[in-house]
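Everything below concerns the one structure shown next.
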Amino acid sequence: MQTHHTIAGLRAALAGAGRVAFVPTMGNLHDGHIALMREARTRADVVVASIFVNRLQFGPSEDFDKYPRTLADDSARLAAAGVNFLFAPDEKEMYPAPQHYHVEPDPAHVNILEGAVRPGHFGGVATVVLKLFNIVRPDVALFGKKDYQQLMVLRNMVRELALPIEIVAGETIRADDGLALSSRNGYLSAAERAEAPRLSRQLAWIRERIATGERDFLRLETEAVAELAAHGWHPDYITIRRRSDLQAPGKGDEALVVLGAARLGATRLIDNLEI
């Protein structure tokens, strides 16, 4: 695996590379990321991964400086997964001057759910991903379903800006007990880790109820929130939405997703299941 720290170096290395698959990350990789890399290998001649901790998507109360940076370990895992090129720029390379031009996603898409908790987050994500797309120029890009709102925003950005990139959604990778893999899981105490799968079980319960014909979505959401709260969680939301834009479903909408976010101790966990 070749590692490049400059835009010019990566572009030169990719000249004539054939079909390119790209997986952008902020590092601190887990098995969910590696699953995306392996899927990327099946879809292209060359796989590019990036590791860049993007300041633009951190809010003023979020500690950008404390985000885990594990480049050596991440590089070894990427090489073992068959990644051909790693792009690992520093902040000066990505933002040699202040970033005055930004992507502004539809407020209806980003001022809800995670965006309500993290104002400006998805604008920062969309801006850096568009910049990375312009650097790598991939044919296909892969993102995990675990960050479902991010996936929705990026899919719609690519469609509305007519970018010649196929977006592939990777399934959420889970531990044996159902907990979605996340870098945040490492912050859980032993007792919290044992409790954490309750979130995915509540989402699965909602999906099962809808599959049997239940259509009182508000009741399902309310009961799931109450179940979490009764076991010491602090839920932000459990909600059933349309997959395409994460708005409230209308009559006849069938492509749905149930999403949840809640704090367990000091750790905030998110998850979702398509219905």
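The values are calculated or read from the model by the stated rules, or taken from the named source; none is laboratory data. All figures in this text were calculated on a predicted structure; none of them were measured in a lab. Virtual Cβ from ideal backbone geometry, glycine too; neighbours counted across all protein chains shown. To get the accessible areas, we keep the full protein, side chains included, count just its heavy atoms, and leave off ligands, DNA and RNA. Shrake-Rupley method; radii C 1.70, N 1.55, O 1.52, S 1.80 Å.
Some values worked out for this structure:
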quantity: Two-site label geometry, Ala108 and Asp31: point separation in nm, points 7 Å out along Cα→Cβ; calculated: 4.0
quantity: Alpha-carbon centroids, the range 12-47 and the range 243-268: separation in whole Å; calculated: 28
quantity: Of Ile167, Ile240, Ile210, the one that fluctuates the most in a GNM where the chain has Cα springs shorter than 10 Å; calculated: Ile210
quantity: Trypsin sites (Lys or Arg not before Pro) within the range 11-114, DSSP loop, no more than 12 other Cβ atoms inside 10 Å; calculated: Arg19
quantity: Sites excluded, GluC sites (Glu not before Pro) in DSSP loops with at most 14 other C-beta within 10 Å, longest stretch of the chain; calculated: 63-170
quantity: Gain in span if fully extended, Ala72 to Arg137, counting 0.36 nm per residue against the direct Cα distance; calculated: 20.9 nm
quantity: Nearest 10 degrees, 0 to 90: helix 31-41 Cα axis against the chain principal axis; calculated: 50
quantity: Extension reserve of the Arg268-Gln2 stretch, reckoned as 0.36 nm per residue once the Cα distance is removed; calculated: 92.3 nm
quantity: Value of relative contact order over the range 42-97, rounded to a whole percent, pairs C-alpha under 8 Å and six or more apart; calculated: 57
quantity: Residue-averaged 222 nm ellipticity for the chain, from DSSP H runs of 4+ at -39500 (n - 2.57), nearest 500; calculated: -11000 deg cm²/dmol
quantity: Label-point separation, Ser244 to Asp45 (7 Å along Cα→Cβ), nm; calculated: 3.6
quantity: Selected from Leu154, Leu259, Leu188 as most flexible by GNM, with the chain as the system and alpha-carbon contacts under 10 Å; calculated: Leu188
quantity: With every protein chain in place, the range 111-168: carbon and sulfur % of accessible area (1.4 Å); calculated: 51
quantity: Among Ala108, Ala262, Gln202 - extreme Cα towards positive end, dipole of the chain, charges at beta-carbon; calculated: Ala108
quantity: Linear extension gain, Leu163 paired with Arg38, 0.36 nm per residue minus alpha-carbon span; calculated: 42.6 nm
quantity: Under 29 Å, Cα to Cα: Lys pairs in the chain, sequence gap 8 or more or different chains; calculated: 9
quantity: Degrees separating the helix 121-136 axis from the principal Cα axis of the chain, which is the longest one; calculated: 30
quantity: Per-residue SASA entry for Leu246, accessible area with 1.4 Å probe, Å² rounded to 10; calculated: 0
quantity: Helix axis angle, 198-211 relative to the chain longest principal axis, alpha carbon, degrees; calculated: 70
quantity: FRET efficiency, Glu208 to Tyr101 (Cβ-Cβ, R0 30 Å, nearest 0.05); calculated: 0.05
quantity: Label zone at Ala79, where the point sits 7 Å out along the Cα-to-Cβ direction: the range 2-28 residues whose backbone N lies under 12 Å; calculated: 2-3
